[in-house]
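A.B. asks: Take this structure first; my questions come after.
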Amino acid sequence: EENKGFLDSKPYIFDRVFQSNTSQEQVYNDCAKKIVKDVLEGYNGTIFAYGQTSSGKTHTMEVRNLKIIFLLMSLSSLFITVVLSFMFHFIVFFSNKGKLHDPDGMGIIPRIVQDIFNYIYSMDENLEFHIKVSYFEIYLDKIRDLLDVSKTNLSVHEDKNRVPYVKGCTERFVCSPEEVMDTIDEGKSNRHVAVTNMNEHSSRSHSIFLINVKQENTQTEQKLSGKLYLVDLAGSEKVSKTGAEGAVLDEAKNINKSLSALGNVISALAESSTYVPYRDSKMTRILQDSLGGNCRTTIVICCSPSSYNESETKSTLLFGQRAKTIKNTVCVNVELTAEQWKKKYEKEKEKNKTLRNTIQWLENELNRWRNGETVPVDEQFDKEKANLEAFAVDKDITVINDKPATTIGVTGNFTDAERRKCEEEIAKLYKQLDDKDEEINQQSQLVEKLKTQMLDQEELLASTRRDQDNLQAELNRLQAENDASKEEVKEVLQALEELAVNYDQKSQEVEDKAKEYELLSDELNQKSVTLASIDAELQKLKEMTNHQKKRATEMMASLLKDLAEIGIAVGNNDVKQPEGTGMIDEEFTVARLYISKMKSEVKTMVKRCKQLEGTQAESNKKMEENEKELAACQLRISQHEAKIKSLTEYLQNVEQKKRQLEESVDSLNEELVQLRAQEKVHEMEKEHLNKVQTANEVKQAVEQQIQSHRETHQKQISSLRDEVDAKEKLITELQDQNQKMMLEQERLRVEHEKLKATDQEKSRKLHELTVMQDRREQARQDLKGLEETVAKELQTLHNLRKLFVQDLATRVKKSAEIDSDDTGGSAAQKQKISFLENNLEQLTKVHKQLVRDNADLRCELPKLEKRLRATAERVKALESALKEAKENASRDRKRYQQEVDRIKEAVRSKNMARRGHSAQIAKPIRPGQHPAASPTHPSAIRGGGAFTQNSQPVALRGGGGRQDKV
């Protein structure tokens, strides 16, 4: 009788029934211990307690000072090929008093945490684990983070595999059982509890403790992940028993509402209903994968042994019986390696090739049939053979796990604005996905309601048909309805004709828009070609500018060098006859020409950039106008399609109703004519009993009259049916035209997408041109520096000229006293002075030209300063955000370091003996987190308990024989 429980002499069969003297350890070993191995092998697991208030749910999961009786529903697995089938079982037992950290009295959660780490320590040392936990509660139908009380209303979203998760919930990485228990203690201190007449510590919310285990084999690179949900539900309450008032009463209402939603989900799953109301409650939404999904589930059914709670106990047992019939289908959460993906790709490629061959075969055979040929049986497509080939390929493919791995995004050089934009788009898509799910649920409910209404209408119609009592009255009504139906048919036909005319007009409009769209596309292509040519020319001009700049720099350096030599010669009174004066003049002239040419080219480039920006704006404006016109056309087409569809359905209903009425009228008219003929025959027989021959003639005339009536009615029916066929043919033609218009619309949409892509490409090129413009601005700045250098050299030359003039005047005074032999030297000095004055005049002109160029560059300076200010503001905002993130990370690091310091000695003493060559648990190191032990040499935690100084992050091993860097 270990698997039976009795209530009012009625047996409830479970796996096992525990008596009041059963220990917590025995209950855990029989019910929950197997899930630890499953989670570490890559499966999902769930354990949650269900029952009325004060029945021992929190005691079962965590342990408090209670004394109750409860039932446990655990889960076992049946392996069938690759798919695993699960059945729910029940166990009944009594609990004893205990504490959360008491080795004898602790419940399922602390025991399962210990077993997870013990099992990891005994596994292969090539395995590396990442374990993170989160703890939250559902209070007043709002999800509240117990590890961060500021998060009070979190939302539920779905990942790419359609698995619900709580977005924004705090996740903490742990590397020891003590860290997990400290996290539980922290969350329990933030959980809502209250005092009621039935429980001194009544849970006022549903709490969920999630353990996420990810492991990686460092040799084979195989990655597995498993989630374990540990759920403590709040108990159902009767207000008359608990005495709840005020806020406690509101809490009780929300608790009962969510538990009712859970019961509805269990009932729908047990009855294999097509619609399961997961979205009626956030709790059932979060546990969607645990109830009928990819998860191994254990349900604890907690019951009170008191007769005072007999009704609640009975409903709890019935809930368990319904849940027992549910079967889950689970698979391993594995991430495929590159080699496995490659094999899967090859198999899919072969399968695709086989299907293409099959399609080609069928198309060839279809063409032969259409051409009037008769395909022999041996040449016809063999479906059974093709299915065997496809099955063989599918069988090969199933060798690789179907579970898709988490896609690792390819990082690119995105700006912050682009990254934020992508995140906003992703959030918007997730919101749209949730809205669509809600809409699907509402539509499903509406379908069920309409089905019920349809059954009621069918019953009403059947009863109405049975209420026909007078044949003549029915005949008159049907004739009147027939006339009315004919008028309606005429009106519908007129409406269809008008619709056909409007449809032709709209079709012509769409064709005109398509032509205009093609013209715009051609114009855009021409602009693209022009832009490409301008881009090439700009690149060429850039190269030429760089070359000219380099050459001008070299010439100016050479010129300055010559001037320096002249200054030295003048200062030393070593004046000689200059040579190569013409070459220096030519170089000065070339330098001035290059500078003038560079200025004109820069102005030309700026002008072209402005023209390109204007062209781009015009193209964008035209594109927006075309998009608006296309959207308007699509809206009008959809409206006409809906109108055609409704009119077609209405016409079909009217035609069907008209045919039924015509058939009824024909049959009734025929019966009426027969009755009238028989009546006339009987009257004539009574009046002319002796004139048999005359009566026969009259009878024959009556029969001919009946026959003529029949022929007339048949002709009318034939003509009406021909008319109906013609209208149906017209409807078919209109539908064909509608299909053509839809295809044309699809083609326009594809072309529109192509044009949008082209526009994006042009925008990218425009951005590149903007970058090149910035580089030109940099070149202008360099030219400005060169201008300053030339100005300094000119000032130096001017000073030298003054000194030279003064020295020359002194020498002229002295030369008056010297004899005529010195005349040749004075002439040479004068010639040198004339040469230097000419050079000075030329340099002055160059200086003026450079000053004008500098004025032009200063006009562009405000624009560049504006861009610089915007960039500086952006950098400042990013720096403030980075600073805030670093502060938050620093606070988290301090809290984590305190926890590490507190458990350091316990870990070393407790795990030294049991850590041999076993698995590793890697605790991720996040940016900005530095251990507090030593800023330059952070402490590393070893499995055996030893602490070492190392600047590299160190993995926590499961055993403790050696230590590797992560």
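The numbers here are math on the coordinates, done by the rules we state, and not lab data. Given the structure is predicted, the values throughout are model-derived calculations rather than measurements. No Cβ is skipped: glycine too gets one built from the backbone with ideal geometry, and neighbour counts run over all protein chains shown.
A.B. asks: Going down the table (253/436; 436/513; 188/886), which pairs top 31 Å between alpha carbons?
C.D. replies: In this structure, 436/513 lie more than 31 Å apart at Cα.
A.B. asks: What distance in nm separates the two pseudo spin-label positions at residue 380 and residue 257, each 7 Å out from Cα along the beta-carbon direction?
C.D. replies: Each label point is offset 7 Å from its Cα along the Cβ direction, giving 6.3 nm.
A.B. asks: Given the pairs 327/347; 351/756; 421/876; 227/451; 37/344; 257/431, which are separated by over 30 angstrom at their Cα positions?
C.D. replies: As for pairs spanning more than 30 Å Cα to Cα, those are 327/347; 351/756; 227/451.
A.B. asks: Moving on to the next point. Residue 446 to residue 41: FRET efficiency via 1/(1 + (r/R0)^6), r the Cβ-Cβ distance, R0 41 Å, to the nearest 0.05?
C.D. replies: It comes out at approximately 0.45.
A.B. asks: I would also like to ask the following. Calculate the length of the line joining the C-alpha centroid of the stretch 632-681 to that of the stretch 721-767, in whole Å.
C.D. replies: 34
A.B. asks: Please rank 606, 377, fewest neighbouring Cβ atoms within 10 Å first, as an exposure proxy.
C.D. replies: Fewest-to-most ranking of 606, 377: 377, 606.
A.B. asks: Just rank 524, 450, fewest to most, by other beta-carbon atoms within 10 angstrom.
C.D. replies: By the 10 Å Cβ count, ascending: 450, 524.
A.B. asks: Grab the beta carbon distance between residue 157 and residue 849, set R0 = 60 Å, and tell me the FRET efficiency rounded to 0.05.
C.D. replies: 0.35
A.B. asks: Around residue 141, with a cut-off of 9 angstrom between Cβ atoms, what is the net charge of the other residues, counting Lys and Arg +1 and Asp and Glu -1?
C.D. replies: +3
A.B. asks: Measure off 7 Å from each Cα along the Cα-to-Cβ vector at residue 500 and residue 894, then give the distance between these two points in nanometres to one decimal.
C.D. replies: Between residue 500 and residue 894, the simple spin-label model gives 8.4 nm.
A.B. asks: How far apart, in nm, are the 7 Å Cα→Cβ label points at residue 373 and residue 349?
C.D. replies: 3.3
A.B. asks: Tell me the net charge near residue 743. Cut-off is 12 Å between Cβ atoms, residue 743 excluded, with +1 for each Lys or Arg and -1 for each Asp or Glu.
C.D. replies: Within the 12 Å Cβ shell, the charges total 0.
A.B. asks: How high is the FRET efficiency between residue 557 and residue 796 when r is their beta carbon distance and R₀ equals 25 Å, given to the nearest 0.05?
C.D. replies: It comes to 0.95.
A.B. asks: Rank the residues 275, 121 as a footprinting-exposure proxy: fewest other Cβ atoms within 10 Å of their Cβ go first.
C.D. replies: Ranked by crowding around the Cβ, least crowded first: 275, 121.
A.B. asks: Using 0.36 nm per residue, how much length does the chain from residue 674 to residue 418 gain when fully extended, once their Cα-Cα distance is taken away?
C.D. replies: Going from the current span to full extension adds 83.5 nm.
A.B. asks: Once you have the Cα-Cα distance between residue 627 and residue 480, take 0.36 nm times their residue separation minus that, and quote the gain in nm to one decimal.
C.D. replies: 47.6 nm
A.B. asks: Something else about it: Name all residues of the stretch 457-494 having a backbone nitrogen under 12 Å from the label point set 7 Å from the Cα of residue 663 along its Cα→Cβ direction, giving them as ranges.
C.D. replies: Output list for this probe position: empty.
A.B. asks: Right, something else. How much length would be gained if the chain were fully extended between residue 513 and residue 327, taking 0.36 nm per residue of separation minus their Cα-Cα distance, in nm to one decimal?
C.D. replies: Stretched out fully, the residue 513 to residue 327 stretch lengthens by 61.3 nm.
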